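S.K.: One structure follows; several queries about it will come next.
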Amino acid sequence: MSEPHSAQPRPLAVTPKSMDEIMSLCKRRGFVYQASEIYGGINGFWDYGPLGAQLKKNLREAWWQDMIMNPCWGRKGPNGDRVRCVPLETRIIQHPKVWQASGHVAGFNDPMVDCRESKQRYRYDHVSVFVPADGRETDKPVFAFVSDTPSEAKQRKKAEKAHGQVAVVELSSIPKERWTRVLAPDAETVGTLTDPKQFNLMFRTYIGATATEDDIAYLRPETAQGVFVQFKNVVDTTRVKVPFGIGNVGTSFRNEVTPRNFTFRSREFDQMELEFFCHPDESVEWYKFWRDYRMEWWKSIGLAGDNLILREHEKDELSHYSSGTSDVEYRFPFTAPGFGELEGIAHRGCYDLTQHQEHSKVKLDYFDTDRGELLPNGAKKGERYIPHCIEPAAGLDRGVLAVLCEAYTKDPSRPSPELMRFHPRLAPIKAAVFPLVNKDGMPETAERLYDELFARFGKLGFIETDAKQSIGKRYARMDEAGCPYCFTIDGDTATNQTVTARDRDTGGQERIALDRVGAFLAEKLGA
Ligand code: GAP
């Protein structure tokens, strides 16, 4: 178990990732807990433990820094100027008319089927059916399931017993008159599924004590609309000029019919959205700029390699107002070999501002003093227009999940096989300081080094210290928590003023001067 104190760096011998193992480590090490777990949990809601809360904060702050404070790492946009963005913080509850104008009241629906026997509700487009592989019509039941849920294996077993070889088709491809033969995913008798009906995904609440239909309000299903309804205030009260972006980070709610795959599809989740406003003629260039930058950004925080793709939507997938949408997609263990959406980058045209202008009767156009013909006095005549909007919309919790999946590594050849290889910028624990043994002045030196590192890096994440157990066990605990560097004070420290610096990913160790530890860590963390 104990790792030699002078290990050489070595490559990892990695095994495939299992979602069960990732979820188990997340619970064990305090990254993610089921919400209200002592009451049996609540479907679609997750809490973050101490390490998860700090990891999520680090991801949010990386986004905030690279999208708002120093957008695009100081790069120039397609117009040749530095990209400019400002933050905004808007409320979860907005005027109900916001959601009428945005189209969410009328259109934010999923078609659902109910099971009269089990009282379960399923998303119509998520239900598949095991049918005889040779396509023959049968009077025997056909077996419906929702993929990636326990119903899939259970129904496959029953279907193979009834039909031999089976094939999978969508429930929607089975004619309604044959639904009497469909055995629903959680039912014992056939024919219990109702016709599909639309189900609005917005959570409702009431404002005030009377709680009548007139008091209905909605929990926001996206942070974006808060930006559109404050666009005029931001323009009128600050010195921003188009092109510029407004970022809004916060919690959104969707009453998802089938929350699943750990935190991937939750009912309460955080979004990090930027609405970037530009002149219509420049909008396609800005769309491409943001699409490419967002892909680069996810790579920069550690999602490099084959697990990340940029998928451009086909023309028939686009909304009527959009001239382009791309998704940054990650290969989660539960989507592999396919991918799941991490962020959407959409060209939204002038749709949202126009909708809110119509519904609120407040002018939301922009007077651009840098455009229009040149006047004799050397100024421009100006041009009035409704800006177009490019929207990079990322899920913070989905980002955390991708980071957790990417970081999780199992190398059976290591003394303790599981480690979390977080990018140092995101790692919730930045460093650990260990006295090799708890005597001979080592704890005192370790404490002084801990104090120094805490003062310098404590605002970025945890700095840990621990004197119990063998040094190998202490390293293993830090590997599982994803701490990138450990510094060990040993018998030689007193004589030559050096410590061991150990690298999480390679297990390699090097001696560095005690008074260089801060500079070493700063360089590694890019801090
Ligand atoms: N304003 C545009 C918008 O909200 P979206 O694609 O519906 O677009 C943006 O959401 C991102 O929010 C998604 O790419 C995903 O990362 C995250 N997201 C959406 N629904 C989610 C859910 N139920 N659970 C977790 N994250 C979700």
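The values are calculated or read from the model by the stated rules, or taken from the named source; none is laboratory data. Source: prediction; values computed, not measured. No Cβ is skipped: glycine too gets one built from the backbone with ideal geometry, and neighbour counts run over all protein chains shown. Side chains included, ligands, DNA and RNA excluded: accessible areas come from the protein's heavy atoms. Shrake-Rupley method; radii C 1.70, N 1.55, O 1.52, S 1.80 Å.
S.K.: Using modelled backbone amide H atoms (1.01 Å from N, in-plane), which distant-in-sequence or interchain residues come within less than 5 Å of Thr192's amide H?
M.R.: Ala184
S.K.: Write down the Kirkwood hydrodynamic radius of the chain, to one decimal in angstroms, obtained as one divided by the mean of 1/r over all alpha carbon pairs. Each step should come with its number before you reach the end.
M.R.: Details: mean 1/r = 0.0377 Å⁻¹.
Computed over Cα pairs of the chain, the Kirkwood hydrodynamic radius comes out at 26.5 Å.
S.K.: Under a 5 Å amide H to amide H cut-off, with H placed in plane at 1.01 Å, what residues pair with Ala432 once short-range neighbours are removed?
M.R.: Amide H to amide H, under 5 Å and 5 or more residues apart or across chains, Ala432 pairs with Glu464, Tyr485, Cys486, Phe487.
S.K.: Compute the signed sum of charges (Lys and Arg +1, Asp and Glu -1) over the other residues within less than 10 Å, Cβ to Cβ, of Ile207. Intermediate values should be presented prior to the final figure.
M.R.: Working: positive: none; negative: Asp214, Asp215.
Around Ile207, the charge tally is -2.
S.K.: Here is a further query. Which ³J(HN,Hα) values, rounded to whole Hz and listed in residue order, are derived for the stretch 105-110 from phi using the Karplus coefficients 6.51, -1.76 and 1.60 in 6.51 cos²θ - 1.76 cosθ + 1.60 with θ = phi - 60°, glycine and proline given as x?
M.R.: 5, 7, x, 8, 10, 10
S.K.: Modelled label-to-label distance, Glu213 and Glu21, 7 Å Cα→beta-carbon offset: nm?
M.R.: Going by the 7 Å Cα→Cβ label model, 5.6 nm.
S.K.: Then there's this: Cα centroid distance between the stretch 17-90 and the stretch 171-231, in Å?
M.R.: 27
S.K.: Mind giving me the FRET efficiency for Tyr385 and Asp306? R0 is 56 Å, r the Cβ-Cβ distance, nearest 0.05 is fine. Mind dumping the intermediate values first?
M.R.: Details: r = 42 Å, r/R0 = 0.75.
FRET efficiency, Tyr385 to Asp306: 0.85.
S.K.: Using Cα positions and a limit of under 21 Å, work out the lysines in reach of Lys232, with same-chain residues fewer than 8 apart set aside.
M.R.: Lys97, Lys241, Lys361, Lys363
S.K.: Under 9 Å from the Cβ of Glu222, count the other residues' Cβ atoms, weight Lys and Arg +1, Asp and Glu -1, and hand me the total. Please list the in-between numbers first.
M.R.: Details: positive: Arg220, Arg254; negative: Glu273.
Spelling it out: positives minus negatives among the neighbours equals +1.
S.K.: Given H placed 1.01 Å from N in the peptide plane, which residues other than close sequence neighbours of Glu222 have an amide H under 5 Å from its amide H?
M.R.: So Glu222 has HN proximity to Phe253.
S.K.: Under a point spin-label approximation (7 Å from Cα along Cα-to-Cβ), what is the Lys161-Lys119 distance to one decimal in nm?
M.R.: Roughly 2.7 nm, to one decimal.
S.K.: Calculate one ³J(HN,Hα) per residue across the stretch 138-151 by plugging θ = phi - 60° into the Karplus curve 6.51 cos²θ - 1.76 cosθ + 1.60, and present them in order as whole Hz with x for glycine and proline.
M.R.: With the stated coefficients, the stretch 138-151 comes to 9, 8, 6, x, 10, 10, 8, 8, 10, 5, 6, 10, x, 4 Hz.
S.K.: Along the Cα-to-C-beta direction of Ala519, a point sits 7 Å from the Cα; which residues of the stretch 433-467 have their amide N less than 12 Å from that point?
M.R.: In the stretch 433-467, the label zone of Ala519 (backbone N under 12 Å from the point 7 Å along Cα→Cβ) covers no residue.
S.K.: Local charge sum around Gly324 (other residues, Cβ-Cβ under 14 Å, Lys/Arg +1, Asp/Glu -1)? Write down the numbers at each step before the final one.
M.R.: Values: positive: Lys288, Arg291, Arg294, Arg311, Lys315, Arg348; negative: Glu282, Glu285, Asp292, Glu312, Glu314, Asp316, Glu317, Asp327, Glu391.
After counting each charged neighbour, the total is -3.
S.K.: Next up: How are the alpha carbon pair distances in the stretch 67-169 distributed across 10 Å bins from zero to the largest one, expressed in percent?
M.R.: 12, 23, 17, 15, 16, 14, 3
S.K.: If you find the alpha carbon centre of the stretch 235-287 and of the stretch 368-417, how far apart are they in angstrom?
M.R.: 9
S.K.: Using mean Cβ contacts within 10 Å as the protection proxy, how do 507-520, 431-444 order, highest first? Spell out each step's value before the answer.
M.R.: Numbers: 507-520: 15.6, 431-444: 18.8.
My ranking of the peptides, most packed first, is 431-444, 507-520.
S.K.: If the reach is capped at under 21 angstrom between alpha carbons, list the lysines near Lys459, excluding any in the same chain fewer than eight residues apart.
M.R.: Lys56, Lys57, Lys430, Lys524
S.K.: Separation between the Thr205 and Glu177 pseudo-spin-labels, each 7 Å from Cα along Cα→Cβ, expressed in nm?
M.R.: Result: 5.0 nm between the two label points.
S.K.: Across the stretch 496-501, in residue order, what do the Karplus-derived ³J(HN,Hα) couplings come to in whole Hz, using 6.51 cos²θ - 1.76 cosθ + 1.60 with θ = phi - 60° and x for Gly and Pro?
M.R.: In residue order, the calculated couplings are 10, 6, 10, 10, 8, 9 Hz.
S.K.: To continue, here is another question. Excluding residues on the same chain fewer than 8 positions from Lys197, give the lysines whose Cα lies under 20 Å from its Cα.
M.R.: Within the straight-line limit of under 20 Å, Lys197 reaches these lysines: Lys119, Lys176.
S.K.: Counting only protein heavy atoms and a 1.4 Å probe, tell me what percentage of the stretch 224-264's accessible area is made up of carbon and sulfur.
M.R.: Details: 560 of 1360 Å².
For the stretch 224-264, the apolar C and S fraction of the accessible surface comes to 41 percent.
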